[in-house]
Amino acid sequence: MANYEIMLIVDPKEDLKTVEGLVKEVLGSDVKSFEKMDKTELAYEINGSTTAQYVLVNAETTGPKVKELTRIVNITKSIWRQLAINLDTERAKDSWKHMKKFEEFKARKTAERQAAREAYLKQKEAQNNKEAK
């Protein structure tokens, strides 16, 4: 048995009790947690929708059960995307280190963009004040 983290992107109109029932039907008592994340704006449309519900499932199960869940999810129309990660593999452990570095990089870039935007707005305001005189 291995620890898996499974992320599902679900149609925003879908009742999550149905999705939870589907996951528990396949994985059974192996499901440790079923967490509804936020309803989120998508970067691109999926099935004509710009929003979706995210669901995070943590389970201690076997590979064949995860494979079966993936197969069923791919057939289900209301679950648009899925990703299952085995947290016990060395590769998955290393990915968390990279994720932390990425988050730090993203925060630094966001701060840089915000500073550039503020500088631009100050410059634009000074230019408008100069033209108004």
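Here, each number is a calculation from the coordinates, and none is a lab measurement. Since we're looking at a predicted model, the values are computed, not measured. Methodologically, a virtual Cβ is constructed for each residue, glycine included, from the backbone with ideal geometry; neighbour enumeration extends over all protein chains shown.
Computed values, structure above
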quantity: Cα centre as origin, Lys/Arg/Asp/Glu Cβ charges: the chain dipole, Debye; calculated: 620
quantity: Net charge of neighbours whose Cβ lies under 12 Å from the Cβ of Thr110, counting Lys and Arg as +1 and Asp and Glu as -1; calculated: +2
quantity: Violating pairs (Cα-Cα greater than 20 angstrom) within the set Lys32/Lys65; Lys17/Lys77; Lys39/Lys77; Lys39/Lys65; Lys32/Lys100; calculated: Lys39/Lys65; Lys32/Lys100
quantity: With Cα atoms, 0 to 90° folded angle of helix 63-75 axis to the chain main axis; calculated: 70
quantity: Sites Ile75 and Lys106 - FRET efficiency at Förster radius 30 Å, r taken between beta-carbons, to 0.05; calculated: 0.30
quantity: Net charge of neighbours whose Cβ lies under 14 Å from the Cβ of Ser49, counting Lys and Arg as +1 and Asp and Glu as -1; calculated: 0
quantity: Gain in span if fully extended, Glu41 to Asn3, counting 0.36 nm per residue against the direct Cα distance; calculated: 10.8 nm
quantity: Average Cα contact separation per residue, the range 2-88, under 8 Å, 6 or more apart, as relative contact order %; calculated: 50
quantity: Positive-end residue, the range 2-88 charge dipole about Cα centroid, Cβ charges, pick of Leu27, Tyr4, Ile72; calculated: Ile72
quantity: Reported label for calculated Rg/Rh (Cα atoms, Kirkwood Rh) given [x] 0.93; [y] 1.37; [z] 1.20; calculated: [z]
quantity: Exposure proxy order (Cβ contacts within 10 Å, fewest to most) of Glu45, Glu60; calculated: Glu45, Glu60
